[in-house]
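Notes follow once the structure below has been shown.
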Amino acid sequence: MKNLSALSLKTHQGELYVLDQTLLPHQQQWLHCTTVTQMVTLIQRLQLRGAPAIGIGASLLLAYRATQGDSQAQLQKDAEILRAARPTAVNLMNNLDSMLEAIQHTDFVSATVACAEALFAEDVALCQLMAEHGAALVQPNEQLLTHCNTGGLATAGVGTALGVINLAHQQGKNIRLWVDETRPLLQGGRLTAWECQQLGIPYQLICDNMAAMLMARGQVDRIFVGSDRIAANGDFANKVGTYSLAVLAHYHQVPFYVVAPHTTVDLACADGSVIPIEQRNADEVRGVSGAFGQTLWAPEEAPVFNPAFDVTPANLVTGWVLDTGVYSQQDIAAGVLQQLFG
Ligand SMILES: CSC[C@H]1O[C@H](OP(=O)(O)O)[C@H](O)[C@@H]1O
């Protein structure tokens, strides 16, 4: 494998390394990943996270295993183990489908390495296209808001929603960014804040329950969020809290955009009701996940509901910013996703 470098993933001299995102922003620790079991753990613990990054990391690990002499049969089994690591982000499934095709080749070692490297390069290019399409929507001096983390940490490139926001910043549009902390795992407060510090994006961190007040005050001009899966009718799954943000935006007439590569579109899902929503460990809600372990503040036996994602219906979305362009509700209702990707 050639040397590849993304914010949370890299290969060097044929070896794969993953930046442990659970330790950010206080520690930067690269983990050497050599086995399927290890990659599944990294994904399930969100040490490697973000819909595109999950798919690319799993693909690079499979390619690595092929270079280590694993058989085609073993690689096919490993792909299915990786597919089950997290159920909502469809990029994982799409990328593994591509890898399974490569595994069928006679020269499957070269084919799997080439496929994983191509998936990495594709995401870098798709991120740049999304950034360009989305940044064109941003007007000078706007106050933007985003939820969770959708930057370089979550992709192989500049990110999805945060890639849009960063390009608008780089274009000198004088934007300011409200960052939802994103309970319970604080992807916004820990990861997006960290990325904004690196990128020089002027931001302010808020608790998720403060977005309403800012919109009521007219202090949010436009919202960009990412996605883990977009259904055929434009409904989409994203980090839990996205749906309530979309309802608030609709009520306050704030333009609300979902930003995702076409690899996040799943035409097999007719609408959002059939998108599988991952339920996660109760302790994530009972405590506060800091960089140095869990601090429990709720009763240890407190019953908990902890869906990792929620679904936003298409009728609450102003626009879909994909690598192929920006689409309105009318475009989506006219079947543009099927025309483009069917
Ligand atoms: C561009 S990443 C899309 C999506 O992935 C994140 O989920 P997680 O942090 O659980 O991997 C979040 O929903 C982002 O919006």
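The values are calculated or read from the model by the stated rules, or taken from the named source; none is laboratory data. Only a predicted model underlies this, so the values are computations on that prediction, with no experimental measurement involved. In this analysis, Cβ positions are derived from the backbone assuming ideal geometry, glycine residues included, and neighbour counts consider all displayed protein chains. Just the protein is used for accessible areas: all its heavy atoms, side chains included, with ligands, DNA and RNA removed. Shrake-Rupley method; radii C 1.70, N 1.55, O 1.52, S 1.80 Å.
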* Checklist (1) in contact (Cβ under 8 Å) with a residue 60 or more places away in the chain; (2) outside the structural domain of Gln74 (by TED's automatic domain parsing) applied to Leu119, failing item -> (2)
* **Boolean, Ala58 is within 16 Å of the ligand (Cβ to nearest atom) and either part of a loop (DSSP other than H, G, I, E, B) or closer than 29 Å to Leu267 by Cα (or both)** => yes
* Quick one: which residue in Val247, Val285 is open to solvent by 20 Å² or more (accessible area, probe 1.4 Å), outside the structural domain of Ala89 (by TED's automatic domain parsing), closer than 21 Å to Met210 by Cβ and modelled with pLDDT under 95? => Val285
* **Test: Asp228 is within 15 Å of the ligand (Cβ to nearest atom) and closer than 30 Å to Leu16 by Cβ** => yes
* To do: Considering every residue within segment 70-81, establish whether at least one is within 16 Å of the ligand (Cβ to nearest atom), buried (at least 16 other Cβ atoms within 10 Å of the Cβ) and either assigned to a helix (DSSP H, G or I) or not aromatic (Phe, Trp, Tyr) (or both).
  => no
* Asked: Can you tell which of Phe224, Phe120 is of a type in the set (Phe, Trp, Tyr), crowded, with 16+ Cβ neighbours inside 10 Å, within 13 Å of the chain's Cα centre (by Cα) and not in a loop (DSSP other than H, G, I, E, B)?
  -> Phe224
* How many of the residues making up segment 128-151 are buried (at least 24 other Cβ atoms within 10 Å of the Cβ) and either assigned to a loop (DSSP other than H, G, I, E, B) or within 13 Å of the ligand (Cβ to nearest atom) (or both)? -> 9
* Output the helices (runs of 4 or more DSSP H) that fall wholly within segment 234-342 and possess 3 or more residues being within 30 Å of Ala125 (Cα to Cα), or say none. => 242-252, 329-333, 336-341
* Show the residue pairs that are 6+ apart or on different chains and have beta-carbon atoms under 7 Å apart, the first residue being within segment 185-210 and assigned by TED's automatic domain parsing to the domain that holds Gln171 and of a type in the set (A, V, I, L, M), the second being within 12 Å of the ligand (Cβ to nearest atom) and in a helix (DSSP H, G or I). => Leu185/Glu284; Leu191/Leu153
